[in-house]
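This report refers to the structure that appears directly beneath it.
The values are calculated or read from the model by the stated rules, or taken from the named source; none is laboratory data. Keep in mind that this is a model prediction, so the values were computed, not measured. Cβ: placed from backbone, ideal geometry, glycine included. Neighbour counts: every protein chain shown.
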Amino acid sequence: MSAAPGALRIAGEMGIYRAEELKQMLLAAVAAQPALELDLSGVSEFDGAGLQLLLLARDAARAAGGALRLAAPSGAVLDVLALTGLGGSFGAPAPAAGAAP
């Protein structure tokens, strides 16, 4: 995980076992930069807890007058966003051409 101004990269699991760690990191990042871009290209596992974290960060960013945007979400993230119909809530891009639906 690395941070640059206005950007945060999360890699590995984004689920229940890391929820508290990631919650603190996301809320701190949003507090520092309400217009935050999350690079989720390195997320290998994503579950309901990960989705709750994104919703929490999105709402915190909106409350601070900013927005949360997903950059390069991994297939694991895209699968859950597609299943829940929430992809548009984060500006998630469509899967790359030729990618399996």
From the residues in region 25-61 that are touching a Pro at 6+ places or on another chain (Cβ under 8 Å) and not hydrophobic (A, V, I, L, M, F, W, C), which one is nearest to residue 9 (Cα to Cα)? 41
Tabulated pairs, region 12-27, first more than 15 Å from residue 61 (Cα to Cα), second of a type in the set (Asp, Glu), C-beta under 8 angstrom, 6+ apart or interchain: 12/45; 13/45; 14/45; 14/47; 15/45; 15/47; 16/47
In the set 48, 98, 15, the lone residue that is at pLDDT 90 or above and out of contact with any strand residue (DSSP E or B) (no Cβ under 8 Å at 6 or more places or on another chain) is 48
